Amino acid sequence: MQRKRILLNTEDMPRQWYNMIPDVPGGLAPPMDPETRKPMGPEKLAPIFPMGLLEQEASGERWIDIPEEVLEVLSIWRPSPLIRASALEAALGTKAHIYYKYEGVSPAGSHKVNTAVAQAYYNKREGVKRLSTETGAGQWGSALSFAAQKFGLACMVYMVRCSFEQKPYRKSMMKTWGADIIPSPSDATRSGRAVLERDPDCPGSLGIAISEAVEDAALREDTKYALGSVLNHVLLHQSVVGLEAKKQLELAGEKTPHLVVGCCGGGSNYAGLMAPFVPDRLSGEPIRFLGVEPTACPTLTRGKLAYDYGDEARQTPLLYMFTLGHDFVPPSIHAGGLRYHGMAPIVSALVRDEIIEPVGVHQIPCFEAGVLFAKTEGIIPAPEANHAIRCVIDEAIRDKDKPQTILFNLSGHGHLDLASYDKYFAGQLEDYAYPKDAIERSMAALPEV
């Protein structure tokens, strides 16, 4: 019988984060000051981020030590298991070896806690009392609520309105850990009120929620802002996922994987998994990296590589990234964590450099893949992770006789997303490709740099 679960001991946890920035072939374009349109230094962001994180954001060091206080909290669930999906392989009739890194074992049920703990620690170290943030599906809000509670910080979460209504138990989870939650757009901030004035029924977007959370932090001396994806330091913290997976594949007797797959919203879960395999690819190993996104929010597959704001109200620095435009408001698909208009600059650069291949998929085939995975492997995936599973299945059956090793990130479980599965079973979901003219209208507002 094949060894299915490849486990590591706590002492095998990574003691350093791996920073991909020095290994991006074409380098990263610097963030731009939205006022001067010139490169922005970290000091300009000090009012909303602690300096410890800003130093990581701009660091050129490949390896950065993980503080002991962070390791202590991470050890509650890390290392997470790497599992061979042998039952799925059998159902597909493929010779591929399929492995998934299961991040649903974290307290909040997703990979997001890996960076939430680090961000809460660095804020606590610099005397911050309160954190503000946004959340899409609620996974990031849940993760930061947990981490803030661990370090004695208050937490305010602006949750995208459609997810606020679709996912009530995410709110319960956040409240259990002591956070306050407001549906976004809200009347609690100037930027939220501006959106509601234009569109009282706006379903919300991550760009809008970010605007509200950034405004909240900027107006209070005791508060800093925390972001769950996109920025360099967030991707850095997620590298623990790939570092563990690499060691676990070696224990399983597997060589470098042929295919590394992950869903892409802002880019953090996928970047965390693929990070330590990028140097192997650059050294000549034939690894393919597939980043999977919904056709309803096609940032990588139909977006533009350009400087853009990270939020709707244009308060953030300008980031050089694949974007659909900061005014983009995607439809209320059930993969709420993949509804962001932009993509992490590191992931964007790796797509530009043809290291990552972007793939777009519809939501109904994704739920079909998630149900098959649940029936074979026993785990109900989060709707976001279903995008990765869809792609893995398609690749595994493209040539069933092809021996290959496929690794993907099962970034979270779907236990609090069962309302989405109910709609799938009831035939109430629709596949949606965002209209070309709507994307063009949103792109028209890109800033000139």
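Nothing in this text is a laboratory measurement; each read-out follows from the coordinates by a stated rule. Bear in mind the structure is a predicted one, so any value in this text is a computation, not a measurement. Methodologically, a virtual Cβ is constructed for each residue, glycine included, from the backbone with ideal geometry; neighbour enumeration extends over all protein chains shown.
Numbers at a glance
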| quantity | calculated |
| --- | --- |
| For the chain, with +1 on Lys and Arg beta carbons and -1 on Asp and Glu, the positive-most of Ala137, Pro168, Tyr102 along the dipole | Tyr102 |
| Helix runs (DSSP H) in the chain reaching 15 Å along axis by Cα, Kyte-Doolittle at least 0.0 | 206-218, 232-251, 363-377 |
| Label-zone membership for the stretch 241-277, site Val105, 7 angstrom Cα→C-beta point, backbone N under 14 Å | 241-242, 244-249 |
| Residue order, fewest to most beta carbons within 10 Å, for Tyr100, Tyr122 | Tyr122, Tyr100 |
| Two-site label geometry, Asp353 and Ala154: point separation in nm, points 7 Å out along Cα→Cβ | 4.3 nm |
| GNM top mover of Ala438, Ala148, Ala385 - the chain, alpha-carbon springs below 10 Å | Ala438 |
| Antiparallel bridge percentage (DSSP; both residues within the chain; nearest 5) | 35 percent |
| The stretch 1-122, relative contact order in percent, only Cα pairs under 8 angstrom and at least six apart counted | 30 percent |
| Fewest-first sequence of Phe328, Phe151, Phe425 by Cβ atoms within 10 Å of each Cβ | Phe425, Phe151, Phe328 |
| Gain in span if fully extended, Ala91 to Glu250, counting 0.36 nm per residue against the direct Cα distance | 54.7 nm |
| Cα-centre dipole for the stretch 18-176 with unit charges at Cβ (Lys and Arg positive, Asp and Glu negative), debye to 20 | 660 debye |
| In nm, spacing of pseudo-spin labels at Glu11 and Glu430 (7 Å Cα→C-beta vector) | 5.8 nm |
| Inverse mean reciprocal Cα-Cα distance (Kirkwood Rh) of the stretch 263-416, Å | 16.1 Å |
| Total charge dipole magnitude, the chain, about the Cα centre, Cβ charges on Lys, Arg, Asp, Glu only, Debye to nearest 20 | 760 debye |
| Added length on full extension, which subtracts the Cα-Cα distance from 0.36 nm per residue, Ser172 to Ile364 | 66.4 nm |
| Shape category assigned to the stretch 91-169 from the gyration tensor of Cα positions, a/c cut at 1.5 | oblate |
| Alpha carbon Rg of the stretch 108-267, scaled by the compact-globule rule 2.2 N^0.38 Å | 1.13 |
| Rg followed by Dmax, in Å, when the chain is reduced to its Cα trace | 20.1, 63 |
| Spacing of the two label points (7 Å from each Cα toward its C-beta) at Glu55 and Asp401, in nm | 5.8 nm |
| Ranked list, fewest to most other Cβ atoms within 10 Å of each Cβ, for Leu429, Leu300, Leu273 | Leu429, Leu300, Leu273 |
| 20 Å tail of the calculated P(r), the stretch 170-238, as % of Cα pairs | 41 percent |
| Gaussian network model of the chain, Cα within-10 Å springs - most flexible of Gln56, Gln428, Gln404 | Gln428 |
| Per-selection metrics, the stretch 1-138 (Cα): Rg and Dmax in Å | 19.3, 63 |
| For the chain, built as a Gaussian network whose Cα springs stay under 10 Å, the top-fluctuating residue of Met20, Met40, Met274 | Met40 |
| Relative contact order of the stretch 302-449, pairs being alpha-carbon contacts under 8 Å that are 6 or more residues apart, as % | 25 percent |
| Of Lys246/Lys375; Lys101/Lys423; Lys4/Lys101; Lys124/Lys171, pairs whose Cα-Cα distance is over 19 Å | Lys246/Lys375; Lys101/Lys423; Lys124/Lys171 |
| The stretch 186-327, relative contact order in percent, only Cα pairs under 8 angstrom and at least six apart counted | 22 percent |
